[in-house]
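Before any comments, here is the structure.
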Amino acid sequence: MHAMMIPALLASLLLAAPLPAGALAAAEGLPLSDPAVAELHGRLRGEPFWARLQAADPKFGNKRVLQLVYTPPSPEALGGAHLSDCPFVLLDDRLCVAAWNDRDSAASALAKAKIPAYAINRDLLVGDGDAKHSEAVPRTLPGAAGWDLHLAPVLLALCWKEGEAGQQRVVDLFGPRWQEEMAVAWREHAVTLAGQILTATADGSGRLKSLAAADGTLLIDIAGRP
């Protein structure tokens, strides 16, 4: 496992604003995440992953550190952007991304509250030939904080409980769908993620065991919760 060091870069954070009126009006239906530390591992889109959600930390505005080791989306899936396999991510109590520091690359995201938006840096290869190099390319994603599109299966696994319903805004922080209005919503075993219809399966304790597409492809499969 990669060492999970707490970067000083994210020590100062602004609180994420609530969702704007008319956008996911029932977002309050999303249960608050369990305040206890949670750990899980398995396969995310067919590749091994491990995640641990820490308790709220006063050092980070009472946000929660999500430790994650995974296979990130390919640059092709992210419109050319590169991501590390062990990002440092801060989440609020509804699992929305408050901040993201990619450790091994220039990628970062910070939720701003005064004028709700994400300030994002995408790590892109720019230039040609011998002049090609990695560079942080900024963009602003307007609107309230949400779940990152590519981490949504993991976030859902952290809060989904059999028999419950909820929904939340979804954002493509580093990928090409960043201008789309997207959401994740679920009622019992029926899940919709950014327009994709999925089916959730529960484990013996009523927590998420797997999330499958209509053709049976697993977005996530939880092997254990130590």
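A short reminder: the numbers here are calculations on the coordinates, not readings from a lab. Since the structure is predicted, the reported quantities are computational estimates derived from the model, not experimental observations. No Cβ is skipped: glycine too gets one built from the backbone with ideal geometry, and neighbour counts run over all protein chains shown.
Assorted remarks:
- Environment charge at Val69 (Cβ cut-off 10 Å; Lys +1, Arg +1, Asp -1, Glu -1): 0
- Around Ala113: net Lys/Arg minus Asp/Glu count, Cβ-Cβ under 14 Å: +2
- Charge dipole (the range 8-224, unit charges on Cβ, about Cα centre) - positive-most of Phe60, Asn121, Cys96: Phe60
- Between Ala212 and Glu47, full extension at 0.36 nm per residue minus the direct alpha carbon distance yields a gain of 57.9 nm.
- The modelled label-to-label distance for the pair Ser74/Asp57, using points 7 Å beyond Cα in the direction of Cβ, is 3.3 nm.
- Summed side-chain charge close to Arg103 - residues other than Arg103 whose Cβ falls under 13 Å, Lys, Arg +1, Asp, Glu -1: -4
- Across the options Gly175, Ser205, Ser134, the greatest Cα extent toward the positive end of the charge dipole of the range 134-226 (unit charges at beta carbon of Lys, Arg, Asp, Glu) belongs to Ser205.
- Segment Thr201-Gln179, length gained on full extension (0.36 nm per residue, minus Cα span): 4.8 nm
- Exceedance of the 22 Å cut-off in Cα-Cα distance is limited, within the set Lys112/Lys161; Lys63/Lys112; Lys114/Lys161, to Lys112/Lys161; Lys114/Lys161.
- Cα gyration tensor category, rounded, prolate or oblate, for the range 146-199 with a/c compared to 1.5: prolate
- Taking the number of Cβ atoms within 10 Å of each Cβ as an exposure proxy, the fewest-first ranking of Ile222, Ile197 is Ile197, Ile222.
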